[in-house]
Amino acid sequence: MIGNTAYTMGGALLMNGVLQLMIYPLLNRFMGSDQLGVLLYMMGLVAIVCPSVGQALNTSRLVVRRTYEVANGDYNRLLFLFGGIGTAVALVIAGKSLNTPWEAVLTVLLLMTTIFRYYGDVEYRLNLNYKKYFYYYVVLSVGYVIGFGLYLLTDNWFLIFLTGEALSLVYLAVTGTVFQQFLRTGEYFKVAFQRGGFLVFSYLITNLTLNIDRLVLKTLISDLAVTQYYVTSLIGKTMVLLIAPVNTIIISYLTKRKENLNKRQFLLFVGVGAGVTLVFFVFAQIGTPLFVWLFYRDLYESVKHMVTIVNLTQILGLFSAYLFIVVLTFTEEKWQLILQVAHLVIITVLVLLSAGNHGIMGFAKAVLIANAIRVLAVIVLGFLKVDKGEMPKDC
């Protein structure tokens with residue numbers, strides 16, 4: 001398990017290292033902070049839609065495989081169905097941020113390829129082949145670097161991300177089987193649709209709250225505010241992304257078990273998660289000011305006062321994401337959905353009350369309060385349900 005953790009975290013570190021230490025700082029230099037804010041707004045839509053569909057169906061397949069022999073086509077069709085809906089909505093939201101029809105076409109291509117990439121690593125999770133999982137993200141990262149070279153030649157930033165996503169899918173097609181018999185469904189398509197649909201909606205709520213800063217700050221304050229909050233939250237958000245591969249290992253192993261966790265085991269998971277979260281928070285407090293000063297020095301003075309609040313917000317988000325994965329293994333998907341909707345309602349109300357009157361700091365404090373409530377709610381749910389051994393009902 002230690003080796004698998006190293007491979008999964010290594011892949012995430014490499015991909016995010018390329019993006020956060022190379023691609024985005026260089027884009028800030030070439031574009032400027034305001035124009036980068038527009039790009040980050042568009043990539044915020046990608047970060048909301050793509051993992052909500054791709055990662056949700058990825059996780060759903062891992063969970064459903066415990067009791068049903070689902071087919072590749074079941075999930076590939078769902079990727080087109082939910083992905084198509086999400087892409088259409090994203091285009092409407094993007095609105096005036098898309099200057100030409102060609103940019104709309106590139107946005108559609110970026111959204112759909114990224115959706116399939118998020119889903120694609122289920123190939124290696126199903127087989128617990130984390131070495132190939134690592135190589136998958138190596139290819140993705142190399143693709144981003146090649147794409148940046150294309151950006152320098154064409155001044156089209158879409159090519160950075162499209163190149164990476166496309167190359168990773170080529171690697172998957174060569175080394176994997178999840179795209180074989182691409183659209184052939186099995187007898188449990190209805191099960192995949194119902195169970196996957198729950199998770200898609202739940203992940204959508206999660207990713208909307210994770211990236212609400214890009215939508216709200218652009219709308220209520222400015223493009224510059226999007227960039228300021230992004231660079232301040234980057235270390236914390238990167239840690240959230242780093243914990244995601246660990247979560248994939250946890251759910252992969254726990255869904256292979258025939259028995260559920262007991263209360264003592266659940267509390268052990270909570271304790272370990274809390275300890276790791278504290279360590280990550282300390283690291284973020286040290287790393288964030290240094291990172292901003294090194295890579296976004298023009299923004300340092302304007303963001304240094306909100307580092308602690310933003311880091312605590314992101315770390316609590318990391319903790320709750322980890323807890324949700326553990327709780328999902330012994331509760332019905334509906335509970336995750338219920339808590340996520342409640343969290344979105346709370347965060348929306350608090351943000352609208354605070355951001356307009358108190359600016360970016362009001363926004364930061366509102367999200368912190370909402371994330372703290374979310375952590376407590378997930379722990380209470382897990383504590384109440386764990387002894388009941390409540391497995392998802394057959395659909």
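What are the pairs, 6+ residues apart or on separate chains, where a residue within segment 350-372 that is under 23 Å from residue 323 (Cα atoms) has its Cβ under 7 Å from a residue that is of a type in the set (Ser, Thr, Tyr) and open to solvent by less than 20 Å² (accessible area, probe 1.4 Å)?
364/313; 367/313; 368/313; 371/313; 371/320
Of everything in segment 44-71, what is open to solvent by less than 20 Å² (accessible area, probe 1.4 Å), aliphatic (A, V, I, L, M) and under 17 Å from residue 210 (Cβ atoms)? Give them in sequence order.
Within segment 44-71, 45, 46, 48, 49, 53, 56 qualify.
Spot the failing condition for residue 92; the list is (1) over 22 Å from residue 160 (Cα atoms); (2) open to solvent by less than 80 Å² (accessible area, probe 1.4 Å); (3) part of a helix (DSSP H, G or I), and only one is missed.
(2)
Hey, any hits in segment 10-25 for a residue that's surrounded by 18 or more Cβ atoms within 10 Å (Cβ to Cβ), of a type in the set (Gly, Ala, Ser) and either under 19 Å from residue 111 (Cβ atoms) or modelled with pLDDT of 90 or more (or both)?
Within segment 10-25, none of the residues are surrounded by 18 or more Cβ atoms within 10 Å (Cβ to Cβ), of a type in the set (Gly, Ala, Ser) and either under 19 Å from residue 111 (Cβ atoms) or modelled with pLDDT of 90 or more (or both).
So which of 220, 162, 172 is in contact with a helix residue (DSSP H, G or I) (Cβ under 9 Å, 6 or more places away or on another chain), closer than 20 Å to residue 80 by Cα and surrounded by fewer than 22 Cβ atoms within 10 Å (Cβ to Cβ)?
Values: 220 fails: closer than 20 Å to residue 80 by Cα; 172 fails: surrounded by fewer than 22 Cβ atoms within 10 Å (Cβ to Cβ).
162 is the lone residue from the list that is in contact with a helix residue (DSSP H, G or I) (Cβ under 9 Å, 6 or more places away or on another chain), closer than 20 Å to residue 80 by Cα and surrounded by fewer than 22 Cβ atoms within 10 Å (Cβ to Cβ).
Considering each residue of segment 122-156, count those that are open to solvent by less than 70 Å² (accessible area, probe 1.4 Å), closer than 21 Å to residue 75 by Cβ and assigned to a helix (DSSP H, G or I), and give that number. Break it down into steps so the answer makes sense when it comes.
Of the residues in segment 122-156, the ones open to solvent by less than 70 Å² (accessible area, probe 1.4 Å) are 122-126, 128-130, 133-134, 136-141, 143-145, 147-151, 156.
Pick out the ones that are also closer than 21 Å to residue 75 by Cβ and you get 122-126, 128-130, 133, 136-137, 140.
Checking which are assigned to a helix (DSSP H, G or I) leaves us with 122-126, 130, 133, 136-137, 140.
Selection size over segment 122-156: 10.
Can you tell me which condition residue 186 does not meet? The list is (1) of a type in the set (Gly, Ala, Ser); (2) under 25 Å from residue 61 (Cβ atoms); (3) buried (at least 16 other Cβ atoms within 10 Å of the Cβ); (4) touching a helix residue (DSSP H, G or I) at 6+ places or on another chain (Cβ under 7 Å), and all the others hold.
In the conditions (1) of a type in the set (Gly, Ala, Ser); (2) under 25 Å from residue 61 (Cβ atoms); (3) buried (at least 16 other Cβ atoms within 10 Å of the Cβ); (4) touching a helix residue (DSSP H, G or I) at 6+ places or on another chain (Cβ under 7 Å), residue 186 misses (3) alone.
Among what's in segment 166-196 and is assigned to a loop (DSSP other than H, G, I, E, B) and β-branched (Val, Ile, Thr), pick the residue that is farthest from residue 69 (Cα to Cα). Give the steps one after another, and end with the answer.
Residues of segment 166-196 that are assigned to a loop (DSSP other than H, G, I, E, B), as a first pass: 176-188.
Next, from what is left, pick out any that are β-branched (Val, Ile, Thr): 177-178, 185.
On the way: 177: 15, 178: 13, 185: 11 Å.
Here the residue is 177.
Take segment 87-125 and flag every residue that is at pLDDT 95 or above and under 19 Å from residue 195 (Cβ atoms).
Residue satisfying the conditions is 115 alone.
The values are calculated or read from the model by the stated rules, or taken from the named source; none is laboratory data. This one's a predicted model, so the numbers in the text were calculated from it and none came from an experiment. We place every Cβ from the backbone using ideal geometry, glycine too, and count neighbours over all the protein chains shown. The area values use the complete protein model at the heavy-atom level, side chains included, leaving out ligands, DNA and RNA. Shrake-Rupley method; radii C 1.70, N 1.55, O 1.52, S 1.80 Å.
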